[in-house]
Amino acid sequence: MSDKSVYENPLNTRYASREMQENFGDEKRFRLWRTLWIALAESEMELGLPITKEQIEELKAHRDDIDFARAEAYEREVRHDVMAHVKTFGDAAPSARGIIHLGATSCFVDCNSELIILRDGLEILLRKLVNVLDKLKKFALRYRNLPTLGFTHLQPAQLTTVGKRATLWMQDLMLDYENLQNLLSHFRLRGVKGTTGTQASFLDLFDGDARKVKELEKRVVEKLGYSKVYGVTGQTYPRKFDYNVLCVLSQIAQSAYKFSNDIRLLQNMKEIEEPFETKQIGSSAMAYKRNPMRSERMGSLARYMLSLPVNSAFTAGTQWFERTLDDSANRRIVNAQAFLTVDAILNIYMNVAENLVVHEKVIKKHIAAELPFMATENIIMECVKAGGDRQELHERIRVLSQEAGKTVKDEGKENDLVKRIERDEMFAAVHGRMHEILDTKKFVGRAPEQTKEFIRSEIDPILRRHKNLLGEQGDVRV
């Protein structure tokens, strides 16, 4: 039972998954610290420093039994989180107390663990992103042939298909996927660099043997399961990496924001709706309402995410020389909340994409109201083929279109342009053929084929590459 008398972050209590919360939790972070200390000590032993196997074994035996209360008490005393945990680890493994953190600075554990946490967070988001793509693929293929009004400037334009529109959502996410993959492919740890990045302390430990210092970094990183490190650092890894990460997260949020706005507009038109549960309440006052709360929540969270990269930009730009500590409190908040936010967005995106409701008759009704206007050029061309004068036909159909538009807008009646054309002798060549001319399939161009081709060439390779990640369902917690 949470303490209702104090503020709790709604990203934890309402939106983000337990998995992502644990990824940024203290337990994982401090276990990584101990893993790093063990890897450092063991590598130092292997390279000849006076550290025993018994000390390493004692450290390994106590990697996971962290006394958080003791560490918090030490931190209140020394005002230094890393040293508080050095002392706590030393209490648990007294024989190794003197060699924990040997030669290292705080950023050895802080930066390397943070990078691992960020990478693990990116892997979680990657899995959810490809599952969204998989769900949108199924939706797009199902409705690839269903004509719908296209809109430019939020005004009716040429027809497209429901499935083709979904490929636009997919393409946004595909670009995000490529940027996310680029981040992962260039991922590096900070490595073993010392206080200002010069490795001076380790050079001293190994009596000036630079070869052993380089080998130490290589071994430590390999024990953690990685191979790449930054070639040079100050005390920290480059804070521009945080900015790059948050930019990719912002791009995912932008894609979700666009999708959520499209769904909200479509739901207003009663063409496509997000899922609405049997006991869900849309409004406390208006019982009939089916508010798009999932899409609205996606947009709300996305708007917050879009504001975060600029914060990391300031942090990256204001690091003095080898480092300052004014990044610490800021990054504790910003990095974690960015991942929790996008995690929540993708959870909702999966849920909505998998359960979209399409009202085909409403879509057809809206097409019927606009298609006669869109078909006027086709009608003119058919009449010209039969010997008509293009200019005279154009002027006549312009007049009829204006009259029909006035009937729709001023009198609230159905669009009767087709009836007007069928009564006008100037258009005798198309009389009895209007149903054929107004066949919606003739107005969607290559949209059905484009949908299949895009999925086959761009999306399927991604899904095949990550087929072991598929099958996840989105969860809307409250």
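Things worth noting here:
- Within the range 82-109, considering residues that are in a helix (DSSP H, G or I) and in contact (Cβ under 8 Å) with a residue 60 or more places away in the chain, the one farthest from residue 323 (Cα to Cα): 109
- Residue in the range 411-422 that is among the basic types (Lys, Arg), at pLDDT 90 or above and crowded, with 16+ Cβ neighbours inside 10 Å present: yes
- Residue satisfying condition, being polar (S, T, N, Q), in a helix (DSSP H, G or I) and more than 26 Å from residue 215 (Cβ to Cβ), within set 112, 131: 131
- Residue pairs whose Cβ atoms lie under 7 Å apart, sitting 6 or more positions apart in sequence or on different chains, and linking a residue in the range 57-70 that is under 15 Å from residue 26 (Cβ atoms) to a partner that is surrounded by fewer than 16 Cβ atoms within 10 Å (Cβ to Cβ) and among the acidic types (Asp, Glu), are 70/91.
Yes/no per residue for (1) within 25 Å of residue 146 (Cα to Cα); (2) out of contact with any Gly (no Cβ under 7 Å at 6 or more places or on another chain); (3) buried (at least 17 other Cβ atoms within 10 Å of the Cβ); (4) in contact (Cβ under 8 Å) with a residue 40 or more places away in the chain:
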| position | (1), (2), (3), (4) |
| --- | --- |
| 394 | no, yes, no, no |
| 404 | no, yes, yes, no |
| 446 | yes, yes, no, no |
| 469 | no, yes, no, yes |
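- Complete set of residues in the range 207-234 that are surrounded by 15 or more Cβ atoms within 10 Å (Cβ to Cβ), of a type outside the set (Lys, Arg) and within 14 Å of residue 112 (Cβ to Cβ): 216, 217, 220, 221, 224, 226, 229, 230, 233
- Per-region count, the range 66-81, residues farther than 22 Å from residue 195 by Cβ and either hydrophobic (A, V, I, L, M, F, W, C) or in a helix (DSSP H, G or I) (or both): 9
- Test: residue in the range 197-206 that is of a type in the set (Gly, Ala, Ser), more than 30 Å from the chain's Cα centre (by Cα) and surrounded by 15 or more Cβ atoms within 10 Å (Cβ to Cβ): yes
- Picking from residues in the range 240-281 that are modelled with pLDDT of 95 or more and part of a loop (DSSP other than H, G, I, E, B), the one that is surrounded by the most Cβ atoms within 10 Å (Cβ to Cβ) is 271.
- Subset of the range 48-61 (residues that are assigned to a loop (DSSP other than H, G, I, E, B) and surrounded by fewer than 18 Cβ atoms within 10 Å (Cβ to Cβ)): 48, 49, 50, 52
- Residues satisfying the stated conditions in the range 94-123, i.e. surrounded by fewer than 20 Cβ atoms within 10 Å (Cβ to Cβ) and more than 37 Å from the chain's Cα centre (by Cα): 94, 95, 97, 98, 102
- If you go through the range 9-30 and pick out every residue that is touching a Lys or Arg at 6+ places or on another chain (Cβ under 9 Å), surrounded by 15 or more Cβ atoms within 10 Å (Cβ to Cβ) and part of a helix (DSSP H, G or I), you end up with 1.
- Of all residues in the range 137-175, those satisfying the criterion of being of a type in the set (Lys, Arg), in contact with a helix residue (DSSP H, G or I) (Cβ under 6 Å, 6 or more places away or on another chain) and assigned to a helix (DSSP H, G or I) are 137, 164.
- Subset of the range 350-378 [modelled with pLDDT under 90 and more than 18 Å from residue 151 (Cβ to Cβ)]: 376, 377, 378
- Residue 73 vs. criteria surrounded by fewer than 20 Cβ atoms within 10 Å (Cβ to Cβ), under 26 Å from residue 325 (Cβ atoms) and at pLDDT 95 or above: yes
- In the set (1) within 30 Å of residue 99 (Cβ to Cβ); (2) surrounded by 23 or more Cβ atoms within 10 Å (Cβ to Cβ), the condition left unmet by residue 132 is number (1).
- When the range 340-363 is filtered for residues that are farther than 30 Å from residue 128 by Cα and either in contact with a strand residue (DSSP E or B) (Cβ under 6 Å, 6 or more places away or on another chain) or without any contact (Cβ under 8 Å) to a residue 60 or more places away in the chain (or both), the ones remaining, listed by number, are 361, 363.
The values are calculated or read from the model by the stated rules, or taken from the named source; none is laboratory data. Just so you know, these numbers come straight off a predicted model, no measurement behind them. In this analysis, Cβ positions are derived from the backbone assuming ideal geometry, glycine residues included, and neighbour counts consider all displayed protein chains.
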